[in-house]
Ligand SMILES: NC(=O)c1ccc[n+]([C@@H]2O[C@H](COP(=O)([O-])OP(=O)(O)OC[C@H]3O[C@@H](n4cnc5c(N)ncnc54)[C@H](OP(=O)(O)O)[C@@H]3O)[C@@H](O)[C@H]2O)c1
């Protein structure tokens, strides 16, 4: 299987690459680093990426930027940034990738526990993460040729719980988080959001 990992240099992405690379051919894609680059905000850049890496069997996205501010400080441009980047960037990886990906391939996107857990200052993350999970749920039933779409929802990624954290269940290591991405690639799951803490 040939797997394209977008965000391969990131905290989560590099552990996903590590978890997959000994069994599969992994194509590591970055934004400002690496040999193969993409800007998920640009549909033209995504198209160029797929032309360059085709054929492939799976796309894993561990990319997508947000702006975090209290609701009253957010301006229109902050919302637009989050919608164009983490939300539409990942959705466009599926919309454009579906005509390139091999039969029975899979897309795995990244949301976050803020979709379900409200935390002050994180309204943009809640909005985008929830929308990604909704997108995958229904896009999955429209995919042709056995292609699957899933989402991994990571908690707070840390090596150790920071001082003062009373509930360690709100976080995990990136190494452990990678297991949920492997599950999405290797299983027959479709349209699901996997809470990374369950794997
Ligand atoms: N870390 C957490 O605690 C946490 C928790 C929940 C959810 N998440 C979500 O998990 C995802 C990855 O988070 P992370 O902490 O691993 O991020 P990170 O360490 O900041 O890494 C981001 C990765 O995405 C790439 N990237 C950035 N902008 C891009 C763009 N416009 N187009 C294509 N690639 C782009 C970067 O490439 P370059 O390095 O080459 O620039 C890098 O490889 C994000 O969607 C984040 O919201 C993270």
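Read-outs throughout are calculated quantities, based only on the coordinates presented, and are distinct from any laboratory measurement. What you are looking at is a predicted structure, and each value in this text was computed from that prediction instead of being measured. For neighbour counting, all protein chains shown are included, and Cβ atoms are generated from backbone atoms with ideal geometry for every residue, glycine included.
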>> Just to be sure before I move on: is residue 84 within 13 Å of the ligand (Cβ to nearest atom) and part of a helix (DSSP H, G or I) in the structure I sent?
In response: yes
> Got a sec? Which of 144, 161 is touching a helix residue (DSSP H, G or I) at 6+ places or on another chain (Cβ under 8 Å) and in a loop (DSSP other than H, G, I, E, B)?
Replying inline: 161
> Given the structure, is residue 151 out of contact with any strand residue (DSSP E or B) (no Cβ under 6 Å at 6 or more places or on another chain) and touching a residue at least 24 places away in the same chain (Cβ under 8 Å)?
Replying inline: no
> When segment 54-77 is examined, which residues are found to be within 16 Å of the ligand (Cβ to nearest atom) and touching a helix residue (DSSP H, G or I) at 6+ places or on another chain (Cβ under 6 Å)?
Replying inline: 59, 60, 61, 62, 64, 65, 66, 67
> Within segment 30-47, restricting attention to residues that are part of a loop (DSSP other than H, G, I, E, B) and surrounded by fewer than 16 Cβ atoms within 10 Å (Cβ to Cβ), which residue is farthest from the ligand (Cβ to nearest atom)?
Replying inline: 35
